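Undergrad: Below is a structure I'd like to ask you about.
Each value in this text was obtained by applying a stated rule to the coordinates, not by laboratory testing. None of the values given here were measured: they were computed from a predicted structure. With ideal geometry, Cβ positions are generated from the backbone for all residues, glycine too; neighbour counts draw on all protein chains shown.
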Amino acid sequence: MQKFNQIWDFNVISTASGVSISVGDIVLVLLLMLIGYLLSRLAEVILARRLEKTDLKPDSVQVIKRIIFYVILLMIALTIMSLLGIPITAFAFATGAIAIGVGFGAQNIINNFISGWILMAERPIRVNDFIEVEGFMGTVKRVGTRSTLVHRPDGVHVLVPNSKLLENTVVNWTLIDGLIRNSVRVGVAYDSHIPDVVNALEEAINGCEGPLSKPKPEIVFEDFGDSALIFDVYFWSDMTKSKPLRIIRSEVRMAIARELDKRNIIVAFPQRDLHLFSDKPIKIKVEDKPSSNAD
């Protein structure tokens, strides 16, 4: 026990003002810091549950949670130092060494940390926004202090460093609103009656739930193609309320196929004219393909 007391009371740091820090003081600081951290997390969870019942948006709740957590953690740290009689000046040397280490070895971490606070303050990217960055798209699930969690449509979760979101070009599809214009292209045979085609496309687009009635869908006779008359159907959809874009486009195509089939309008397929030049007559023989079913 005497040896333990000697280790516990062993002075590690002594200042010119007469303040000494022993091994026991360091252990108490670490223990109290751990308890303070757990209490900060508990306070953060309780506060988050109450804020979620209000009209605040999820990204605002997350910012408030993050600020409250660090404020409480800082207050607990200062209180512990005050109770133990440890002045802040006692850590001047240690903080200087840490600052030098941070400057050389943790530039990316500090960059991402500061970028995270900028994202939470300016809010160019918020929780539940649909963004496109570095060649992939997804929904923002969390804006953290170091990285942002993005959920792709295929179910994969991607952690994007916050600095990438500030330094690179990011397409935020829902920054102002969730309205997105889509288009579906269809080609019909050249002998099709154009007014019937337009009516079929109007019936198809109006019968789907995904496309919005306002702004009104538009049907454009785009071009005379090589093998078909090309029509484009333009419509708007709300990404925040309706189905994913690929599902909406699929439903529109299926509705167009049904309406064209009702009117016996043929969806065109590639056609080619074959020209044979020869000085002698060419004999062409067409043979029937034998049936696979035995009689």
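Undergrad: HN-Hα J couplings of region 114-131 from phi, Karplus 6.51/-1.76/1.60, θ = phi - 60°, integer Hz, Gly and Pro as x?
TA: So the Karplus estimates, Gly and Pro as x, are 5, 4, x, 5, 5, 5, 6, 7, 7, 6, x, 10, 10, 4, 6, 6, 9, 10 Hz.
Undergrad: Within the set of other residues whose C-beta is less than 15 Å from the C-beta of Pro161, count the net charge using Lys and Arg as +1 and Asp and Glu as -1.
TA: +1
Undergrad: Return the distance in nm (one decimal) between the two label points of a simple spin-label model at Met137 and Lys214, each offset 7 Å from Cα along Cα→Cβ.
TA: Result for the modelled spin labels: 2.6 nm.
Undergrad: Lys and Arg at +1, Asp and Glu at -1: add these up for the other residues within a Cβ distance under 12 Å of Arg50 and post the number.
TA: Spelling it out: positives minus negatives among the neighbours equals +1.
Undergrad: So which of Lys57/Lys243; Lys53/Lys141; Lys141/Lys214; Lys53/Lys216 end up more than 26 Å apart by C-alpha?
TA: Lys141/Lys214; Lys53/Lys216
Undergrad: Charges at C-beta only: +1 for Lys and Arg, -1 for Asp and Glu. How large is the resulting dipole of region 179-262 about its Cα centre, in Debye rounded to 20?
TA: Using only the charged Cβ atoms, the result is roughly 540 debye.
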